[in-house]
Amino acid sequence: MFKKNTGELEEQLRKVHPSDIREYQKANQEDLVTDKGGFLLYMNDKLKEKKLQKQDVFLRSDIPLRYGYKLLTEEKVTKQRDVILRICYAAEFTLQETQKALHLYQMDTLYARDPRDALLMTCFNMRQGSLSDLNDLLVRNGFEALRSSGKQEEG
């Protein structure tokens with residue numbers, strides 16, 4: 001989706017004077033997130049790249065189809081990061097892809113200093129097993145399993 005990574009953009013910005021921001025934006029138009037559609041575009045690109053159907057991802061993540069489609073288009077918005085993590089894990093996203101999806105959804109990315117997040121990061125890095133296996137691992141290590149979509153309205 002993007003040609004330049006965030007680090008490259010940050011490096012460019014170190015040399016840009018505030019009065020020249022329009023030139024920076026114009027030169028990097030393809031690499032900037034300018035509207036709420038960034039999450040949808042990113043998810044569509046990644047699913048297409050991985051040759052995955054949205055329906056299959058929602059089934060694997062145990063998210064109702066209608067709700068899943070509404071989440072991707074941001075017609076419905078969840079405050080539960082676990083729901084987005086479920087989708088990313090079911091779509092076989094890498095840790096980097098997951099972090100970007102969370103960022104575009106305007107959610108906190110996984111944080112290495114948080115014990116539960118650290119375990120999740122290793123799971124996204126190593127990709128072993130299904131979502132059910134991931135949840136079992138979380139519980140075995142004393143953490144809450146990833147919340148299902150049926151719980152997101154409660155919290």
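The values are calculated or read from the model by the stated rules, or taken from the named source; none is laboratory data. None of the values given here were measured: they were computed from a predicted structure. Note that we place each Cβ from the backbone using ideal geometry, even for glycine, and neighbour counts take in every protein chain shown. When the accessible area is computed, the model is the full protein with side chains, heavy atoms only, and any ligands, DNA or RNA have been set aside. Shrake-Rupley method; radii C 1.70, N 1.55, O 1.52, S 1.80 Å.
Brief remarks on what is shown
- Matching helices (runs of 4 or more DSSP H) fully within the range 1-98 where at least 3 residues are within 24 Å of residue 123 (Cβ to Cβ), at pLDDT 90 or above and of a type in the set (A, V, I, L, M, F, W, C): 54-60, 81-90
- Residue match in the range 72-83 (condition: over 15 Å from the mean Cα position of the chain (by Cα) and more than 28 Å from residue 5 (Cβ to Cβ)): yes
- Selection within the range 55-71 - surrounded by 19 or more Cβ atoms within 10 Å (Cβ to Cβ) and among the aliphatic types (A, V, I, L, M): 57, 63, 71
- Residue within the range 99-117 that is in a helix (DSSP H, G or I), closer than 26 Å to residue 139 by Cα and touching a residue at least 60 places away in the same chain (Cβ under 8 Å) present: yes
- Unmet criterion (only one of (1) open to solvent by less than 70 Å² (accessible area, probe 1.4 Å); (2) touching a helix residue (DSSP H, G or I) at 6+ places or on another chain (Cβ under 8 Å); (3) aliphatic (A, V, I, L, M)) for residue 77: (1)
- Failed item in (1) outside any loop (DSSP other than H, G, I, E, B); (2) over 23 Å from residue 51 (Cα atoms), with residue 144 passing the rest: (1)
- With respect to (1) within 17 Å of residue 43 (Cα to Cα); (2) surrounded by fewer than 19 Cβ atoms within 10 Å (Cβ to Cβ); (3) touching a helix residue (DSSP H, G or I) at 6+ places or on another chain (Cβ under 6 Å), the lone exception for residue 94 is condition (3).
- Inside the range 118-141, residues that are at pLDDT 90 or above and part of a loop (DSSP other than H, G, I, E, B) make up a count of 2.
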